[in-house]
Ligand code: ZN
């Protein structure tokens, strides 16, 4: 009997109501009754998101007759037995302008498969055809995705057209997000491999050529890092090209990695215009581009065993996110430097900022980055006003651990090896054949062994202290070994309340009270609205700074706040401005 692949047909049919219509045809459903599920989360973003909340009017039919369905869990449905073929139809509400969900209006459509495509239990390894239909009453839209067209299908999509695409299995189906519309597009090749950059959103005078030129250098440098001889781009195992899909908004920032593409959010002012030299925000954007591209190797193919395969119905715990996010965060800015798109002084400024950020939080002495990795689902992804006091980021501290390891390896091997050699070993052993060879991930607690194998250097003590333990990476000792001097300076000369504030409608709200600081000792709390200092009105945070600047450390000030609706007064002894800013420079 000829095997018929699963067929998903998606129509963006209601732009004003932001709804997709999806029809799923299953030729050979489970005769005992087909189960259908939707992922509870999307790989790369470690939070239960319950995409099933946006599914509407789900119904099933077999040979024209309705098939009963019932909900069996938050993300699962059970169909009554039938002898196939089974056709399932539903609507998906798509009004989430993020890299994780689905978004559709008259200007464009974007979606991740995890939020729109039901998984057919028992057939997740079967090929999936995807028929993309154009929206009604709109002309000129094109399709941008790394998902390959179904070349042998009679209705195969032509270049960037609507029509039929093909995923080898469900895991691939939900790993190629799709953008439809009329975006601005740039193209380039890196070591012969096609790359495409797609910008959605109103963005006049965008300097596409400059972005393509800089991104090309970053991609070429990363390919050469992992494949110094063949220079083969990693995504050619799954796609014909790599696609950067960027949604441009007023203040967006973020990205989500996929095997042959990435979805990004960027702030309009961070992108270069034809009329002006770009500012530091452009380096931030290039850092994000570099970060997500590095994930093409590190986490999309080199993976923890806990993600091989993913269990999409529940949280997947690993203590290794410091490798996948921390190492990636180390290499993102470093590759900007190595590819020449930023200067050494820019790199030191960016690195100094990360060191300052990590050192500002007392949480770094309470939680290890291995524990932070494990608890990503409940702590890093569910941050609140006390998070800086309670948790550490496996991104930022993880990047400092990567930097520390890189220096320790270079020192321990007299310059013969570096962290690059560790990345290449991980790539050759776990990554290169991940999608073509069965896909095995890195076991928990095996990094010490793998680093020793790649470089001959024993980092067991370093891992025990700085990864499984809460000790700071000794950068004041390590950086000078690489010719970099480190100094700490106060961010300003103003005596401190030791709070993080937020400006809300012209008022100063306390976002975080730093543990052990002046405000903590004086009784101030997060969410307090500061209205006066020594009887003088506080409006914006800048007005608070002006009042505090008239004092010196050790002075007592009377701080009036609204806590809920109640006026309260606290006496706070101002602290000396902390030496909280790390400045790096090339020694000598
Ligand atoms: Zn990342």
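Against the chain, whose longest principal axis is taken from its Cα atoms, helix 327-338 shows a tilt of about 80°.
Residue-normalised convex hull volume from the C-alpha trace of region 184-294: 87 Å³ per residue. Computed from label points 7 Å out along Cα-Cβ, the spacing between residue 461 and residue 142 is 5.8 nm. If you wrap the Cα atoms of region 258-307 in a convex hull and average its projected area over all directions, you get 4.2 nm². Stretching the chain fully between residue 151 and residue 566 yields a gain of 142.6 nm (0.36 nm per residue, less the alpha carbon separation). Relative to the longest principal axis of the Cα atoms of the chain, the long axis of helix 280-294 makes an angle of roughly 50 degrees. Taking the alpha carbon gyration tensor of region 6-181, multiplying each eigenvalue by 5 and rooting it gives semi-axes of 24, 19, 16 Å, largest first.
Based on the Cβ-Cβ distance of residue 386 and residue 573, what FRET efficiency does E = 1/(1 + (r/R0)^6) give at R0 = 30 Å, to the nearest 0.05?
Efficiency at R0 = 30 Å is approximately 0.85.
Taking every C-alpha pair closer than 8 Å and separated by at least 6 residues, the mean separation divided by the residue count of region 488-528 gives a relative contact order of 33 percent. Across region 49-133, the relative contact order, built from alpha-carbon pairs under 8 Å that are at least six residues apart, equals 24 percent. From least to most packed, judged by other beta carbons within 10 angstrom and beginning with the fewest, 261, 9 follow the order 9, 261. With neighbour counts taken as other beta-carbon atoms within 10 Å, the residues 433, 528 rank, fewest first, as 433, 528. Each label point was placed 7 Å from the Cα along the Cα-to-Cβ direction; for residue 515 and residue 586 their separation is 4.0 nm. Using the Cβ-Cβ distance between residue 124 and residue 488 with R0 = 41 Å, the FRET efficiency computed as 1/(1 + (r/R0)^6) comes to roughly 0.20. Grab the beta carbon distance between residue 310 and residue 53, set R0 = 25 Å, and tell me the FRET efficiency rounded to 0.05. For residue 310 and residue 53, the calculated efficiency is 0.80.
Taking a label point 7 Å from the Cα of residue 65 along the Cα→Cβ vector, which residues of region 80-99 have an amide N closer than 13 Å to it? Hits in region 80-99 for residue 65 at 13 Å: 80-85.
In the chain, the DSSP-assigned H stretches of four residues or longer account for a calculated mean residue ellipticity at 222 nm of -6500 deg cm²/dmol, using -39500 (n - 2.57) per stretch and the full residue count as denominator. In nm, to one decimal, how far is the residue 468 label point from the residue 418 one, both placed 7 Å along Cα→Cβ? The two pseudo-label positions are separated by 2.9 nm. Reported to the nearest whole Å, the Cα centre-to-centre distance from region 309-359 to region 536-572 is 37. The length gained by stretching the chain between residue 546 and residue 445 to full extension, at 0.36 nm per residue less their Cα-Cα distance, is 31.3 nm. In terms of other Cβ atoms within 10 Å, 294, 285 run from fewest to most in the order 285, 294.
Relative contact order of region 184-294: what whole-number percent is it, with Cα pairs under 8 angstrom and at least 6 residues apart? That works out to 26 percent.
The angle between the Cα long axis of helix 396-412 and the main principal axis of the chain comes to about 80°, on a 0 to 90 degree scale. Centre-to-centre separation between the Cα atoms of region 105-155 and those of region 1-50: 11 Å.
Multiplying each eigenvalue of the alpha-carbon gyration tensor of region 305-482 by 5 and taking the square root yields semi-axes of 24, 23, 16 Å, largest first, rounded to whole angstroms.
Once divided by 2.2 N^0.38 Å, the Cα radius of gyration of the chain becomes 1.05.
No lab work stands behind these numbers, since they all come straight from the coordinates. Computed from a predicted model, the values in this text were never measured in an experiment. For neighbour counting, all protein chains shown are included, and Cβ atoms are generated from backbone atoms with ideal geometry for every residue, glycine included.
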